[in-house]
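Structure first, then comments.
The values are calculated or read from the model by the stated rules, or taken from the named source; none is laboratory data. The structure presented is a predicted model; accordingly, all values stated were derived computationally and were not measured. Here the Cβ positions follow ideal geometry from the backbone for every residue, glycine too, while neighbour counts run over all protein chains shown. Accessible surface is based on the protein model in full, side chains and every heavy atom, while ligands, DNA and RNA are left aside. Shrake-Rupley method; radii C 1.70, N 1.55, O 1.52, S 1.80 Å.
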Amino acid sequence: MDGLTMKVALTIGALLLIGFLFLVWKFFAKVFKHVVIMLFIGAALMTFFYYRYRSLPPPASQYIGKHAYMKANGEYIGVVEAEGEDSRRGKVWIIRPVGGYPQKYSKSRVELKDKLEIKPEQTPTPTPESKPASDKPESKPASDKAHKKKKN
């Protein structure tokens with residue numbers, strides 16, 4: 001569009017806007033004042049809530065408080081306290097072992113679970129060599145008993 005057409009279009013738009021506002025003011029003057037006040041109050045409340053909730057810290061990670069286990073052997077490590085970035089390990093979990101200080105573990109080496117899984121202590125199974133001796137006296141085989149009967 002050339003300059004003259006643009007000026008004419010803007011003039012027609014401005015005249016239509018002025019006419020519309022005049023009609024609104026003429027017929028709805030009593031309501032118009034209240035609508036403008038409500039718009040200002042609404043804009044102020046929206047601004048307040050926007051800046052109030054935008055400045056909140058980001059929500060905590062959903063993984064904090066989960067129990068950590070080594071992927072390699074299933075050994076229990078401790079409870080996840082935070083996550084972070086390490087220059088050597090990359091992405092890491094910061095885990096507090098039972099009764100210790102927090103330590104960093106690579107995320108790729110750790111498995112997280114919701115509940116603590118306690119593995120029962122493995123008791124060694126008795127081998128034939130290590131069976132305890134029986135309290136009963138050993139009985140003789142049946143063939144020996146039959147052989148004694150024949151002698152008498």
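Annotations
- Simple spin-label estimate for Lys26 and Ile64 in nanometres, 7 Å along Cα-Cβ: 6.3
- The Cα trace of segment 40-122 gives Rg and Dmax of 19.3, 72 Å, the first to one decimal, the second as a whole number.
- Loop-located GluC sites (Glu not before Pro) in segment 1-99 (DSSP state other than H, G, I, E, B) with a sparse environment of at most 11 neighbouring Cβ atoms within 10 Å: Glu75.
- Ser108 - accessible surface, heavy atoms, 1.4 Å probe, Å² rounded to 10: 80
- When the charge dipole of segment 21-90 is built from unit charges on Cβ atoms (+1 for Lys and Arg, -1 for Asp and Glu) and taken about the Cα centre, the candidate among Phe22, Tyr53, Ser87 whose Cα reaches farthest toward its positive end is Phe22.
- For segment 1-101, the Cβ-based charge dipole about the Cα centre amounts to some 360 debye (Lys, Arg positive; Asp, Glu negative; other atoms uncharged).
- Kirkwood-based Rg to Rh ratio, segment 1-88, C-alpha trace: 1.48
- For Arg89, neighbours were defined as the other residues whose beta-carbon sits under 15 Å from its Cβ, and their charges (Lys and Arg +1, Asp and Glu -1) total +3.
- Nitroxide proxy distance, nm - points 7 Å out along Cα→Cβ at Arg54 and Thr11: 4.1
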